[in-house]
Amino acid sequence: MDWLITLYQEDSVAHAIIAIEVVIAAGLALGHLRVMGVSLGVSGVLFAGLICSHFGLTVNHHVLEFTRELGLVFFVFTIGLQVGPGVFASLKRHGLAAQWIHSDVIIFTPHRVTHLAQANPTGMSPSRPVRLIVIVERDRNNIIDHEAEGTAAFI
């Protein structure tokens, strides 16, 4: 039974993992509570973490860094799972035309901007051509997206 007491007194990896698990479990329980028809949901974990840290619960710094990185990896992975099928559907629907236009913007816009800024044929401030090119490229991409959807409207 002494190992259980030392587990909570020492700053070890096992202590950090148990503390994180307790905070997550308490947060999920807190998130399921309903007050006047409103619940916190998953954000209950955040509030449970804030409450536990207020009362002095600390974890090993190295384990905390690892947990942050692992959480970021899981977050990016789940976003990729959610968005991934949409990327292929977009490629199938819009084809390579949209990809060529986007690559044109990425590759040649810096050249256009520097050329206009160096030439300065109108005596404008150098930032004005940059703003104009950004607006034109944005509008051109919006028109192409609307044409692909069949809702093209020229403003």
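Read-outs: derived from the displayed coordinates by stated rules, not from any lab. Model, not experiment: these values are computed from the prediction. Virtual Cβ from ideal backbone geometry, glycine too; neighbours counted across all protein chains shown.
The table that follows gives values for the structure above.
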{"read-out": "Table column - 3J(HN,Hα) (Hz), the range 87-93, Karplus curve with 6.51, -1.76, 1.60, x for Gly and Pro", "value": "5, 5, 5, 5, 5, 5, 6"}
{"read-out": "Sparse-neighbour loop sites [GluC sites (Glu not before Pro); the range 1-80; at most 11 other C-beta within 10 Å; DSSP]", "value": "E10"}
{"read-out": "Over the range 1-108, volume per residue of the alpha carbon convex hull, in Å³", "value": "198 Å³"}
{"read-out": "Contour excess over end-to-end distance, with Cα ends at A29 and L50 and 0.36 nm allotted per residue", "value": "6.1 nm"}
{"read-out": "Stretchable slack from M36 to E10, in nm (0.36 nm times residue separation minus alpha-carbon distance)", "value": "5.2 nm"}
